[in-house]
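Here is the structure we will look at.
All of the numbers you see were taken from the coordinates with simple rules; none came from a lab. Given the structure is predicted, the values throughout are model-derived calculations rather than measurements. Cβ placement follows ideal geometry from the backbone for every residue including glycine, while neighbour counts extend to all protein chains displayed.
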Amino acid sequence: MGRARPTHVPDPKALGARLRALRERRGLSLRQISFPGCSPSYLSRVESGDRVASLTILAELARRLDTTIEELLGRSLDGRVSEADLAAAEVAARLGDPRAQEDLQSLLAGARSLGDQRAESRVLEYLGLLALDSRDDARAVELLEQARVCGPPPTARERPSLYRALGRAHAGTGDLIQAAAVLQTAFDEVSDAPVDPALMVQFGSYLANAYTDRGRFADAEQVLRRVLRHEHEIDGANLIRLDWALARTYAEQGQSRIAEMYANRVLTRMERGEELRAQGRAHLLIAGVLLDQEQTGEAAEHLDRAASLMSEEAPVELALLSYERARAALASGDLASAKDHAEVSVKRTEATEPGSAGMAYAVLAEVALAEGRLDDARFLCQEGIRLMTDRAAPTYIARAYETLSRVEEQAGNLEAALEALRTRPDVGVAKT
């Protein structure tokens, strides 16, 4: 009979890699940490994963490396993955460490071999975050849903990041209904007594935005009213999130003046010390509201301010800046600039954010219409609508249908023009 496989080390290669990393970090050679019963050649095989050292040897190695046996094993002695390894894995995933994927897969195998479902759930969440960052939303949904049902279901209070990521992932696949359902579950939980005001405003803001994107403005307002009951308990940073969600909800409804009021409140709070990039996003939001009110000159000032503050933003935020610049140029009659800004927006988003790219296509359609290129305008409208469907707020889709109606009217096809108007989404309250 062969020798029984040791059970105290579920993944010899992972232990070996951990041992080598600790030794090299301390600048020690194999000979320097060897001792009777643990020769340099034996240590080399342990580091390569070809040998499994006994607990006695591991305890002495841990002493010589000024660490704990738990850190070497990657788990506590009670058979659970170590909290230190889980924390390090989370940081690596959030920072986009190039080795994170491989390390997490190894940690996942270790958690499963130990039967540690708590650790397995957390590692699945971190893998889901990596999938989100690479814009593989479908894979992210799969991993994050596995994390949610692995072992005792984690609550939104315990693991808010899991619910936030799952809401984002569902939205990224275009499943806005499921995204709202996940966020509603989290929001209801953190709103129950004892209320967690910080988490309530976070999930309330995300949920209100999700409802707004689906055109369910009454539901968005109801959520925000529940949050406002705890306004006195919310710190400054979360008040900014709340006002931001309110501004966006009213802007999407077309209630521009109320949206402007809340957006200005965001700016006022930020001017008291909040970070500059968030200020840039607030200026961008106000610019969009002002463009809806046809206040092009004032909107341009906010766009200039946003551009000066958003140089380090994510591509999707910069694409939105280009989109609003395109709208401003179109409103002022500068068709060439409108086309340039809209094309930049498309390039920044077409591969990863099709809904945002569709919004930019709709602006390009308006440019083509203004230039009398009806066939191009029709194609751009149809492409924009296709990309925005189930991915962008109804307001933007409705604008594209209105442009398509004007295209067909100028082409002399009145039946098609009326059909476009009948097909456009109902966005509720008209703009003020």
Subject >> Contact order relative to length of the chain, as percent, for alpha carbon pairs under 8 angstrom and 6 or more apart >> reply: 8 percent
Original post:
For the stretch 314-432, what Kirkwood radius comes out of the mean inverse Cα-Cα distance, in Å?
Top reply: 14.0 Å
Subject >> Sites L418 and E71 - FRET efficiency at Förster radius 60 Å, r taken between beta-carbons, to 0.05 >> reply: 0.25
Subject >> Computed [θ] at 222 nm, deg cm²/dmol, the chain (DSSP H ≥ 4; -39,500 (n - 2.57); rounded to nearest 500) >> reply: -23000 deg cm²/dmol
Subject >> Alpha-carbon centroid distance for the pair the stretch 141-188 / the stretch 387-429, whole angstrom >> reply: 33 Å
**OP:** Considering the options L320, P12, V182, tell which one lies farthest towards the positive end of the dipole of the chain, charges being +1 on Lys and Arg and -1 on Asp and Glu at the Cβ, about the Cα centre.
**Re:** P12
Subject >> the chain: C-alpha pair distances exceeding 38 Å, % >> reply: 38 percent
**OP:** Would you mind pulling out the separation of the Cα centroids of the stretch 328-370 and the stretch 42-76, in Å?
**Re:** 59 Å
**OP:** Would you please put 341-349, 204-212, 145-153, 404-412 in order of how densely packed they are, using the mean number of other Cβ atoms within 10 angstrom per residue and starting with the highest?
**Re:** 204-212, 341-349, 404-412, 145-153
